[in-house]
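The values are calculated or read from the model by the stated rules, or taken from the named source; none is laboratory data. Note that the structure is predicted; figures quoted are calculated from it, not measured. When we count neighbours, we look across all protein chains shown, and the Cβ atoms used for this are built from the backbone with ideal geometry, even at glycine.
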Amino acid sequence: MQRRTLGRSTLHIFPLSLGTNVLGRTIDEQTAFAVLDAYVEGGGNILDTADVYGTGSSEQIIGNWMKARGNRSQVLVATKVGFPMGAGKEGLSASYIREAVEASLQRLQTDYIDLYQAHRDDTETSLEETLQAFDALIREGKVRVIGASNYSAARLGEALQVSQQYGYARYESLQPLYNLVERAAYERELEPFCREHVIGVIAYYSLAAGFLTGKYAPDKPLPESRRAQNVQTRYMHVHGFRVLAEVEKVAARLGATPAQVALAWMIARPGLTAPIASATSVPQMRELLGAVSLQLDPEAITALDQASSWS
């Protein structure tokens, strides 16, 4: 599938971003290398990470892998700054951004980051200070493009105004929580805003923490994990199971898996650049890549839209 332009930037990304929050936590480095290899072999080129993932282990493994494969120029690294990394190490102040980017560059074993994102809004630091700091990194060649994660439409709008007023680089992407079960928060204000201002959207929790893979059912025992408890609280309700039932119905008709259908619906969503999905094995990675070539017919999209409707 053709790669998509991220906002108004020069980055062209594969329509499925590989989430790497599992690297060094759920899977070891050897397995991570195999998953990363499978993703790239399938056409993928954008890796979603953050300094806080595994307290640096995700970035470190990606750096080791890029060095071992000699493929830095073939992949896009999207990392983030802002979440707590220790005492006094959080937020979006100019001094901390400068400190954090150097640490990320060292772990990634590279001299530039393709997409550097504010991991969450920092209301204690002015947007002017944050954007000036990001702009300086772009001018120095340490960052190519900047983006925001977990921003409201109002704050994203303020950030664009600041960038325009001072001539700073602007946020070219947004990373919101979005999936078939949780549509309202993104679609109500963020989606129309991003489409109007040509801001790329790379969504996380695309499979609803695994709920939309079909492995959580009302008549099955829950796995003993914090993640499973989160899924139970967040998605195992009437609306969630109604959506899942339609996803499974469409999957059966099209000869696909529920995960592939859920991701294909997002890939087909106007204005959405790429959903993020994580894999813990090569077979799982190949399954997720199948979503990119899965063409949902109008009947499937209508059925999924209606089952997951929030309005």
**Positions within region 39-65 being assigned to a helix (DSSP H, G or I) and under 22 Å from Leu6 (Cα atoms), in sequence order** = Tyr39, Val40, Glu41, Glu59, Ile62
**Item:** Enumeration of residues in region 255-311 that are in a helix (DSSP H, G or I), surrounded by fewer than 19 Cβ atoms within 10 Å (Cβ to Cβ) and among the small types (Gly, Ala, Ser)
**Value:** Gly290, Ser293, Ala303, Ala307
**Complete:** Counting only residues that are aliphatic (A, V, I, L, M), touching a residue at least 40 places away in the same chain (Cβ under 8 Å) and part of a strand (DSSP E or B), region 16-38 contains a total of 2
**Request:** Select from region 215-230 the residues that are under 26 Å from Leu296 (Cα atoms) and either over 25 Å from the mean Cα position of the chain (by Cα) or β-branched (Val, Ile, Thr) (or both) and list them in ascending order.
**Result:** Ala217
**Selected residue (only one of Glu224, Glu248 is under 20 Å from Pro283 (Cβ atoms) and of a type in the set (D, E, K, R))** = Glu248
**Asked** Are there any pairs, at least 6 apart or on different chains, whose C-beta atoms fall under 9 Å, with the first in region 244-258 and within 10 Å of Leu294 (Cβ to Cβ) and the second acidic (Asp, Glu) and not in a helix (DSSP H, G or I), and if so, which?
**Response** Leu254/Asp297
**Message:** Conditions first: (1) at pLDDT 95 or above; (2) over 26 Å from Ile13 (Cβ atoms). Gly88 passes all but one, so which condition is the exception?
**Reply:** (1)
**Complete:** Among Ser206, Ser163, the single one that is under 22 Å from the mean Cα position of the chain (by Cα) and among the polar types (S, T, N, Q) is Ser206
**Prompt:** Would you pick out the residues in region 66-83 that are in contact (Cβ under 8 Å) with a residue 12 or more places away in the chain and assigned to a helix (DSSP H, G or I)?
**Reply:** Met66, Lys67, Ala68, Arg69, Arg72, Gln74
**Request:** Say whether the condition of being surrounded by fewer than 23 Cβ atoms within 10 Å (Cβ to Cβ), farther than 30 Å from Thr125 by Cβ and out of contact with any Lys or Arg (no Cβ under 9 Å at 6 or more places or on another chain) is met by at least one residue in region 43-64.
**Result:** yes
**Message:** Please verify whether Gln164 is out of contact with any helix residue (DSSP H, G or I) (no Cβ under 9 Å at 6 or more places or on another chain) and under 16 Å from Thr273 (Cα atoms), treating the condition exactly as stated.
**Reply:** no
**Fill in**
Sole miss for Val198 among (1) part of a loop (DSSP other than H, G, I, E, B); (2) hydrophobic (A, V, I, L, M, F, W, C); (3) crowded, with 22+ Cβ neighbours inside 10 Å is condition (3)
**Item:** Of all residues making up region 228-244, the number that are within 17 Å of Arg183 (Cα to Cα), in a helix (DSSP H, G or I) and among the aliphatic types (A, V, I, L, M)
**Value:** 4
